[in-house]
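> Please read through the structure below; I'll follow up with questions.
The values are calculated or read from the model by the stated rules, or taken from the named source; none is laboratory data. These numbers were taken from a predicted model, which means no experiment stands behind them. Cβ: placed from backbone, ideal geometry, glycine included. Neighbour counts: every protein chain shown.
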Amino acid sequence: MGDNIYKTQDIFEASWLYSQNIKLLGLEPNGRYSNFLFDNPLASEKLSIAYWTQSATGNIKAFVNAYKTLKDLVFSKQSAL
């Protein structure tokens with residue numbers, strides 16, 4: 001996938017990106033964990049910086065829903081192994 005993706009292993013960062021309508025491309029196994037792969041690396045990087053600098057603003061309910069969705073996805077992939 002190369003330079004056209006944004007990767008993060010942090011589920012909370014991933015939840016933030018997902019709640020901001022950044023397209024989730026999939027999961028990439030990384031040992032015991034998984035990387036979340038997102039489309040639009042420029043927008044993803046910008047949102048990531050806002051997340052990590054605590055300047056992000058958004059809908060908390062959307063964030064929580066995104067977190068639950070990604071957590072379910074991770075655990076469904078792990079149980080399939």
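Each row is one residue, and each column tells you yes or no for (1) in contact with an Asp or Glu (Cβ under 9 Å, 6 or more places away or on another chain); (2) surrounded by 16 or more Cβ atoms within 10 Å (Cβ to Cβ).
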position	(1), (2)
21	no, no
24	yes, yes
49	no, no
52	yes, no
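> Could you grab the pairs with beta carbons closer than 7 Å, sequence gap of 6+ or different chains, first residue in the range 1-28 and touching a residue at least 24 places away in the same chain (Cβ under 8 Å) and in a loop (DSSP other than H, G, I, E, B), second one surrounded by fewer than 15 Cβ atoms within 10 Å (Cβ to Cβ) and not polar (S, T, N, Q)?
Within 7 Å, the pairs are 9/33; 20/58.
> Run residue 77 past the list (1) at pLDDT 95 or above; (2) surrounded by 11 or more Cβ atoms within 10 Å (Cβ to Cβ); (3) in a helix (DSSP H, G or I) and report the number of the one that doesn't hold.
Just one mismatch for residue 77, condition (1).
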